[in-house]
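Visitor: Sharing a structure here in structure tokens format.
The values are calculated or read from the model by the stated rules, or taken from the named source; none is laboratory data. Not measured: the values here are computed from a predicted model. Cβ placement follows ideal geometry from the backbone for every residue including glycine, while neighbour counts extend to all protein chains displayed. Areas reflect the complete protein model, heavy atoms only, side chains present, ligands, DNA and RNA absent. Shrake-Rupley method; radii C 1.70, N 1.55, O 1.52, S 1.80 Å.
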Amino acid sequence: MAAPILTEAHISEVSQTIRNKQIGINKIEFVYKKEQLYIDAFGVEGIPQADTYYENIEDHLVYSEFSWLGPLCRNFKVNLDATINVDPEGEFEQDSIQLGVYTAFSRQNSKPQILNRLMPLLNSLVPFRAHLSEVELVWHDGCLNTIRFFMNIDAKKVNPIISNAQAPNNQILRQWVSTIDQAIDYNKGRYKHRVKLPIVNGRINIAKYETAVCFRLEVKGKK
């Protein structure tokens, strides 16, 4: 059995801190980056809760590890972030997880190197195509910096999708690679830029995309 991403010790630390600070949580965020896990629990401190509230928090952290967090981190093998809303009873809304799966590149990476590095992630994402909503490409300092895929998924569906994954759909895979290739060429050389391409029925739609031209302006101090 693979080692857990979120261990019993981690869960105990998080739940005990929430209990000690009496935090009424409304949202929890997970960030898995460079084999490090970060958790941010958002809420209001100083709100006493019943023991069942903290027990629910702990149960959902355990469920998160086994139902989606551990499986997805091991399946995608790249950076991942997730946001889950939490109700007043301490129950996580596990049927609607907002996920971002992304990989970063250095300025030394050429386009063929970028696409080659991206292929394992694309292969892993194809079985999840029905749950993908968009892909974002980010340029910084004139170079492609990050490619991030967004999805909304029910925790119960993650393990079955991974377990039943077959050979990648080559038609979808080719369409993704071709579209990302075009987007990289079209935006080549832009200093700081973001492009969001919607994913509709598993296909990236380059005809209707959102772009953000970013500016860095020098502001002179007063004399």
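Visitor: Does the chain classify as rounded, prolate or oblate by the C-alpha gyration tensor (a ≥ b ≥ c root eigenvalues; a/c under 1.5 gives rounded; else a/b over b/c gives prolate, otherwise oblate)?
Guide: Here the chain falls in the oblate category.
Visitor: Could you report region 92-182's accessible area per residue, 1.4 Å probe, as an integer in Å²?
Guide: 46 Å²
Visitor: Residue farthest toward the positive end of the dipole of the chain, with Cβ of Lys/Arg at +1 and Asp/Glu at -1: which of Pro48, Ser96, Pro198?
Guide: The Cα lying farthest towards the positive end belongs to Pro198.
Visitor: Could you give log10 I(q)/I(0) at q = 0.18, 0.21, 0.25 Å⁻¹ for region 28-94, computed by the Debye formula over C-alpha point scatterers of equal weight, without solvent?
Guide: Values, matching the q order: -0.70, -0.90, -1.15.
Visitor: Take the chain, connect every pair of alpha-carbon atoms lying under 10 Å apart with a spring to form a Gaussian network, then pick out the residue of Ser110, Ser67, Ser124 with the largest mean-square fluctuation.
Guide: Ser110
Visitor: Using the Cα atoms of region 40-153 to build a convex hull, what is its mean projected area in square nanometres?
Guide: So the Cα hull casts an average projection of 8.9 nm².
Visitor: Placing +1 at every Lys and Arg Cβ and -1 at every Asp and Glu Cβ, with all other atoms neutral, what dipole size does the chain have around its Cα centre, in debye to the nearest 20?
Guide: Result for the chain is approximately 1820 debye, rounded to the nearest 20.
Visitor: Here's something else I'd like to know. Go through Asn26, Thr179, Met151 and say which Cα lies farthest out towards the positive end of the charge dipole of the chain; charges sit on Cβ, +1 for Lys and Arg, -1 for Asp and Glu.
Guide: Of the candidates, Thr179 comes out farthest on the positive side.
Visitor: Probe radius 1.4 Å, ligands and nucleic acids ignored: give me the carbon and sulfur share of the accessible area of the chain as a rounded percent.
Guide: 49 percent
Visitor: Mind scanning Lys33/Lys111; Lys111/Lys196; Lys111/Lys192; Lys27/Lys77 and naming the pairs with a C-alpha gap bigger than 20 Å?
Guide: Exceeds cut-off: Lys33/Lys111; Lys27/Lys77.
Visitor: Helix 111-125 sits at what angle to the longest principal axis of the chain, using alpha carbons and giving 0 to 90 degrees rounded to 10?
Guide: That helix lies at roughly 40 degrees to the long axis.
Visitor: A further question on this structure: Karplus couplings for region 11-24 from phi (6.51 cos²θ - 1.76 cosθ + 1.60, θ = phi - 60°), rounded to Hz, Gly and Pro as x?
Guide: In residue order, the calculated couplings are 4, 4, 5, 5, 5, 5, 5, 4, 5, 5, 8, 6, 8, x Hz.
Visitor: I've got another one for you. Do the sum for the chain: with -39,500 (n - 2.57) for every DSSP H run of n ≥ 4, divided by all residues, what is the mean residue ellipticity at 222 nm, to the nearest 500 deg cm²/dmol?
Guide: Helix-only estimate at 222 nm: -10500 deg cm²/dmol.
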